[in-house]
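Down below is the structure, laid out as structure tokens.
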Amino acid sequence: MLKQTTTGLIVVDVQGKLARIVDNSATVIANIQKLILGCQALGLPILWLEQNPDKLGSTIEEISSLLEPQPCISKYTFDACKENAFTAAVQTEAVDTWLVCGIEAHICVYQTVLGLQSFGQQVQLVTDCIAARTSANKDLAVAKLSAHGVPMTGLEMCLYELVEDCRAAEFKAILKLIK
């Protein structure tokens, strides 16, 4: 079970034109927004990444506006764990479990999740908050990560698991996001 005190969120590469052309992009972007807002309501640490932003563009406004002024971590490797700034940020946070969302599922999300696992972190893939240009590539990423023992979760499932109790102060904020 996810615990509010030991869980964080990593948002991978929701940027530029690519964010608009992935399969089911409007729904995925809306789900990632809800996930970010839910994690913020719960007080979870959030790290966000951009792949080669000079070439691919910045994080889309709908997402960056929720995450600023926290700095974005730029990367050039597909596995963010190969970037010192990212691994330092992961080590700075007092969590051992990371929810991961973003694009593209079969490239940067996939490699970063495996990198986090090899780095000794627990990871849960938020499957309705990831995308690729084709649904086949998303499905492939989910299947391969599942075969590597990565637990799968969904937007509602992880937020309700984290809030834990309908009497919690954060419950109403979470409920508003999901309705």
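Values in this text are rule-based calculations from the coordinates and carry no lab data. Small disclaimer: the values here were computed from a predicted structure and weren't measured. Here the Cβ is made from the backbone with ideal geometry for all residues, glycine too, and neighbour counts use every protein chain on show.
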| remark: Largest fluctuation, LEU49, LEU66, LEU99 only, Gaussian network model of the chain with Cα springs under 10 angstrom, belongs to LEU66
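State whether region 81-169 is rounded, prolate or oblate according to the following rule on the C-alpha gyration tensor (a ≥ b ≥ c being the square roots of its eigenvalues): a/c under 1.5 gives rounded; otherwise a/b larger than b/c gives prolate, and the remaining case gives oblate.
Numbers: a/c = 2.00, a/b = 1.13, b/c = 1.76.
Oblate, because a/c is 1.5 or more while a/b does not exceed b/c.
In region 93-168, what trypsin sites (Lys or Arg not before Pro) fall in a loop by DSSP, with at most 12 other Cβ atoms inside 10 Å? Could the numbers behind the result be given before it?
Numbers: sites: ARG133, LYS138, LYS144, ARG167; in loops: ARG133, ARG167.
Sparse-neighbourhood loop trypsin sites (Lys or Arg not before Pro): ARG167.
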| Measuring from label point to label point, each 7 Å out along Cα→Cβ, what is the ASP54 to GLN4 span in nm? | 4.3
| Added length on full extension, which subtracts the Cα-Cα distance from 0.36 nm per residue, GLU93 to ILE178 | 27.9 nm
| task | Would you mind telling me which residue in LYS75, LYS17, LYS34 has the biggest mean-square fluctuation in a Gaussian network model of the chain, where springs connect alpha carbons within a distance under 10 angstrom? | result | LYS17
| note | Where a ≥ b ≥ c are root eigenvalues of the Cα gyration tensor, a/c under 1.5 meaning rounded, otherwise prolate if a/b exceeds b/c and oblate otherwise, region 1-91 counts as oblate
| request: Name the aspartates and glutamates eligible as straight-distance cross-link partners of LYS3: C-alpha to C-alpha under 18 Å, and not fewer than 8 places from it in the same chain. | output: GLU93, ASP96, GLU156, GLU161, GLU164, ASP165, GLU170
| request: Might you list the cysteines of the chain that have no disulfide-compatible partner by the rule of another cysteine's Cβ under 4.7 Å? | output: CYS39, CYS72, CYS81, CYS108, CYS158, CYS166
| query | Between MET152 and THR27, how many nm apart are label points set 7 Å from Cα along the C-beta direction? | reply | 1.4
| Charge tally in the Cβ shell below 14 Å around THR7, where Lys, Arg are +1 and Asp, Glu are -1, THR7 excluded | -4
| message | Connecting C-alpha atoms closer than 10 Å in a GNM of the chain, tell me which of ASP165, ASP96, ASP23 has the biggest fluctuation. | response | ASP165
| field | Length-normalised contact order for the chain - Cα pairs under 8 Å, 6+ apart - percent | value | 28
